[in-house]
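First comes the structure, then the notes that go with it.
The values are calculated or read from the model by the stated rules, or taken from the named source; none is laboratory data. Quick caveat: nothing in here was measured; it's all calculated off a predicted structure. Don't worry about glycine lacking a Cβ; one is built from the backbone with ideal geometry, like all the others, and counts go over all protein chains shown. These area figures cover heavy atoms from the full protein model, side chains too; ligands, DNA and RNA do not enter into them. Shrake-Rupley method; radii C 1.70, N 1.55, O 1.52, S 1.80 Å.
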Amino acid sequence: MRHDELPEWSKRAADWAAEYHSTLRDRPVRSQAAPGDIARQIAKSPPDVADSMEAIFADFEHIIPPGMTHWQHPRFFAYFSSNAAPASMLAEQLVNAISAQCMLWQTSPAAAELETVMMDWLRQAVDLPPIFRGVIHDSATTATLCAVLTMRERALQWQGLTKGLAGHPTMRIYASAQTHCSVDKAARLAGIGQENLIKVDTDDDWAMRPDALQKAIQNDRAAGMLPIGIIGCIGGTSFGASDRLRAILSISRDENMYSHVDAAWAGSAMICPEYRHVWDGIELADSLVLNPHKWLGASFDCSVQFLREPASQVQTLSLRPDYLETLEEDEITNYSDWTIPLGRRFRALKLWFLLRAHGLDDLRNRIRNHIAWTKLACAALEITPGIEIVTPPKFALFTFRLAPQDRDANDSTQQLLQQINADGRIYLTQTSHQGMFVIRLTVGQFDTTWDDVELAIKVIREIAERVVKPN
Ligand SMILES: *Cc1c(COP(=O)(O)O)cnc(C)c1O
């Protein structure tokens, strides 16, 4: 394909996209493909001779959509949504047309400077103090790994980077049991060791207990270990649990430890002032992550890390051989110094398009609706025979199970979930709570309406009845 053929095919792609989005509600949310269904339809080896674009596009239309789970489907109530507002999709098309690699300021000043301004827009939108500066990563997993590496190197006075980790006391990190597995992964990859990530006891509301945290730190110090950091959680993945940040981040400061807060999902809700009490004390954090690619509407991938003092992370991650040296370092930001990969996508453009095309008020209204509809859905299921609410709504997430009188609840709930997802009108996923198999329901897709939520309630009731009374 030549560049002069691209406009025609781009129009075809845009028409296809319009048709796709307007028919999403008619498609099963979760792909109904069985393992191997898609691979079987694809040539085993690459062609030696060019295929026509007609043939390639036709195969795309025929083979790929049935093998996709439709994350932009308005009845996607699984995991956490990965929203993509149309304005953000459009920005990605433009980024794609330019296809720049934005590792340094000079490799695309617009990408670096727009990132600086967008990070400040977002900082204001969630009301963090002006001292915080942001950087865009691919994922919260990466941001958390960067924070844990910075924790480690700060504690070792940046000696670990060159001398390795031998000869130091055992380092310890503290988080609650509600923490996402990306924190475990960071502890593994940073050479801390998963067993040195201490999961501190939580209270009835699944918030880390400050007294238990203080005690764990004391015990570890007494045993000759080196406490280096605390990771707080706002809006945990299983039930939406949040730590009481002011208490635990104060301990972190008093103990001269580095702190990071994982607000990957719920962080977007902080554009609404009325939810900010949940992260009271956030200004005490050294680092935090929130994913605009989840709830806010910036298409995947776009994960934002805010840093109180970027110098610590830059000292940990920056490595600049001669061939990457640039001039005028005082006036510019080279964001690859803040992140793990050298190469960087131009991710700020979709935030700019998103925030301008919607304005914060519209984005706030969507989040408010999601939270209100989640409560209504929970109330409706609560009075449904056989259904038991296991964890109450936190932000826009609750969990429930099917517990019929004379049957095993875990079996019944598992059957319910399987049948719901085979039905295809809605998509839900599971987690576990105190040995119970439970279903999560989260309302968060950008285009979801109350009608979609009502249909979800209807589908759950209908299928629950079928599971309880077969035939
Ligand atoms: C989704 C999520 C993550 C992981 O995010 P990625 O960007 O996929 O790495 C981490 N923590 C929480 C609380 C999440 O909801």
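Some points to look at:
- For segment 119-145, filtered to residues that are of a type outside the set (Gly, Ala, Ser) and more than 12 Å from PHE306 (Cβ to Cβ), the residue that is nearest to the ligand (Cβ to nearest atom) is THR141.
- Some residue of segment 216-227 being more than 21 Å from ASN196 (Cα to Cα) and at pLDDT 95 or above: no
- Pick from segment 34-53, criterion in a helix (DSSP H, G or I) and open to solvent by less than 100 Å² (accessible area, probe 1.4 Å), ranking: farthest from ASP15 (Cα to Cα): ALA39
- Single residue of segment 298-338 satisfying the filter (touching a Ser or Thr at 6+ places or on another chain (Cβ under 6 Å) and small (Gly, Ala, Ser)) that is farthest from ALA266 (Cα to Cα): SER312
- Inspection of segment 269-285 identifies at least one residue that is part of a helix (DSSP H, G or I) and free of Cβ contacts under 8 Å to residues at least 24 places away in the same chain.
- Number of the condition not met by PHE446 [criteria: (1) crowded, with 17+ Cβ neighbours inside 10 Å; (2) of a type outside the set (D, E, K, R); (3) not in a loop (DSSP other than H, G, I, E, B)]: (3)
- Applying the criterion of at least 1 residues that are under 30 Å from THR448 (Cα atoms) to the helices (runs of 4 or more DSSP H) found wholly in segment 78-174 leaves 86-98, 109-125, 140-155.
- Residue among PRO273, PRO292, PRO321 that alone is modelled with pLDDT under 95 and either open to solvent by 10 Å² or more (accessible area, probe 1.4 Å) or within 16 Å of the ligand (Cβ to nearest atom) (or both): PRO321
- LEU90 vs. criteria more than 19 Å from the chain's Cα centre (by Cα) and either within 16 Å of the ligand (Cβ to nearest atom) or surrounded by 15 or more Cβ atoms within 10 Å (Cβ to Cβ) (or both): yes
- From the list ASP201, ASP262, the one residue that fits, being farther than 24 Å from ALA125 by Cα and either free of Cβ contacts under 8 Å to residues at least 60 places away in the same chain or open to solvent by 10 Å² or more (accessible area, probe 1.4 Å) (or both), is ASP201.
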